[in-house]
Ligand code: HAM
């Protein structure tokens, strides 16, 4: 009997793990430059953290959460995203008493019961940041700057940064009335999902992928045309700062995002190189009321998260090479011709590893030409052969696989010669 992994989950190994670690390392390096520090929160929370944080009427809370009762009947949910958990932690641990804005990043697995397809999984990884405790448009610009830098550093060239503002609770209220007025005569022509959104979560109709709904929305009033003075100024200043940084963006007036906690600036980074439904590589926005709603003080905040798998898929499709550094590394494959030479083999490996040289050996004794072929295939730069002569006389035969030069070294007296040979 062979078991399958659950639908929408994956096992990662080989090249994929290299990409995942490459993206994580690049992110951590970048976050350090901007003085963000890591926060690690649990993979599950009390369900209320998400239902209140993300919003009862959001698609995620209504349809996509992995919710279960524990043995004491408490409702728990596997986190579908990171922001609500971080906010819960910040409020519970009173982390806001430190210098503000509090700059945090997180890396971890999220869970959403979605229809699995390419780039859309039920367990997926996000890398995100949250800047807590500043209302300044400068922090919006910084957060977007980091998102931009991150994809730039990973080697992406043609990504599109969409930005919009959905205003504050005041200007949004007026606007929603206007939007509902506009949609009323079109109600019968909306898809079932949009009919459901109408009146409860009307703004979300802009998320609809159905063409007839999109057509109706073409002429609908757009929220960023109805912002109050403060929200308008905030958005203009974010744009000014991004212009000063030479960051290209599109003011996408149709952009809305699927979380109730957002206020003012929202943004998404997309690619035209992957199929349109899953083309968002990352997204984020401002949430000025969430900390207060979670029982903390009024602390305006903003953050984003990127999808690690989507980023990896696109990097691979675009042929972005991450093995550059590895290609320059010296690595040795040690081929022993008999199990009896194992203690000699281990002494050599111990010496190499102590000197930070990547090495491995053949645990199963096979044909030597097969071993050499494998060593080449696996990208080793050198092989060391230990046969009867070498074992008996404490010798090492080392072969450079690039130019096929072969050298014999006296193991007891010439260890430094070995190191010199391995230095590039
Ligand atoms: P989100 O847009 O839901 O935002 O997710 C961010 C990114 O996670 C998406 O752009 C996508 O790349 C990836 N992602 C989402 N769902 C899936 C999935 N089912 N499979 C694979 N990848 C997926 C948030 O989660 C917000 N918490 C971002 C944020 C932080 N806003 C403020 N701070």
| request: Take residue 16 and decide whether it is farther than 21 Å from residue 122 by Cα, under 15 Å from the mean Cα position of the chain (by Cα) and either in a helix (DSSP H, G or I) or at pLDDT 95 or above (or both). | output: no
| Which residue out of 169, 165 is more than 11 Å from the ligand (Cβ to nearest atom), within 28 Å of residue 297 (Cβ to Cβ), crowded, with 20+ Cβ neighbours inside 10 Å and in contact (Cβ under 8 Å) with a residue 60 or more places away in the chain? | 165
| request: May I ask you to verify whether residue 373 is loosely packed, with under 12 Cβ neighbours inside 10 Å and within 44 Å of the chain's Cα centre (by Cα)? | output: yes
| query | Among (1) closer than 24 Å to residue 133 by Cβ; (2) crowded, with 19+ Cβ neighbours inside 10 Å, which single condition is residue 78 missing? | reply | (1)
| task | With the checklist (1) at positive phi; (2) in contact with a strand residue (DSSP E or B) (Cβ under 9 Å, 6 or more places away or on another chain) in hand, flag the one item residue 246 doesn't pass. | result | (2)
| So which strands (runs of 3 or more DSSP E) are wholly in the range 91-195 and hold at least 2 residues that are touching a strand residue (DSSP E or B) at 6+ places or on another chain (Cβ under 6 Å) and within 26 Å of residue 272 (Cβ to Cβ)? | 123-132, 159-165
| query | Restricting the search to the range 269-309, which residues are within 13 Å of the ligand (Cβ to nearest atom), modelled with pLDDT under 95 and in contact with a strand residue (DSSP E or B) (Cβ under 8 Å, 6 or more places away or on another chain)? | reply | 270, 271, 277, 278, 279, 280
| message | Return the residues of the range 136-156 that are farther than 17 Å from residue 280 by Cβ, in contact (Cβ under 8 Å) with a residue 60 or more places away in the chain and either away from the ligand (no atom under 14 Å from the Cβ) or surrounded by fewer than 18 Cβ atoms within 10 Å (Cβ to Cβ) (or both); say none if nothing qualifies. | response | 137, 138, 141, 145, 149, 153, 155
| query | Got at least one residue in the range 126-135 being more than 20 Å from residue 263 (Cβ to Cβ), without any contact (Cβ under 8 Å) to a residue 24 or more places away in the chain and surrounded by 21 or more Cβ atoms within 10 Å (Cβ to Cβ)? | reply | no
| said: Give me the residue from the range 396-423 that is surrounded by 17 or more Cβ atoms within 10 Å (Cβ to Cβ) and assigned to a strand (DSSP E or B) and, out of that set, farthest from the chain's Cα centre (by Cα). | reply: 409
| Of all residues in the range 87-115 being more than 13 Å from the chain's Cα centre (by Cα) and within 8 Å of the ligand (Cβ to nearest atom), which is nearest to residue 22 (Cα to Cα)? | 112
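Only one of these is crowded, with 19+ Cβ neighbours inside 10 Å and over 26 Å from residue 301 (Cβ atoms): 19, 36. Name it. Lay out the reasoning, then the answer.
Values: 36 fails: over 26 Å from residue 301 (Cβ atoms).
Step by step, each of 19, 36 is checked, and only 19 is crowded, with 19+ Cβ neighbours inside 10 Å and over 26 Å from residue 301 (Cβ atoms).
Results for (1) at pLDDT below 95; (2) farther than 30 Å from residue 209 by Cα, shown as yes or no for each residue.
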{"residue": "70", "(1), (2)": "no, yes"}
{"residue": "74", "(1), (2)": "no, yes"}
{"residue": "79", "(1), (2)": "no, no"}
{"residue": "82", "(1), (2)": "no, no"}
{"residue": "85", "(1), (2)": "no, no"}
{"residue": "90", "(1), (2)": "no, yes"}
{"residue": "93", "(1), (2)": "no, yes"}
{"residue": "96", "(1), (2)": "yes, yes"}
{"residue": "99", "(1), (2)": "yes, yes"}
| field | Any chance residue 31 is in contact with a strand residue (DSSP E or B) (Cβ under 7 Å, 6 or more places away or on another chain), part of a helix (DSSP H, G or I) and in contact (Cβ under 8 Å) with a residue 60 or more places away in the chain | value | yes
| request: Report yes if residue 261 is within 25 Å of the chain's Cα centre (by Cα) and surrounded by fewer than 21 Cβ atoms within 10 Å (Cβ to Cβ), otherwise no. | output: no
| Scanning for something part of a helix (DSSP H, G or I), modelled with pLDDT of 95 or more and crowded, with 17+ Cβ neighbours inside 10 Å, does the range 198-218 turn up at least one residue? | no
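The values are calculated or read from the model by the stated rules, or taken from the named source; none is laboratory data. Predicted model, so just to flag it, every value in this text is computed and none were measured. Please note: Cβ atoms are built from the backbone with ideal geometry, for glycine as well, and neighbour counts cover all protein chains shown.
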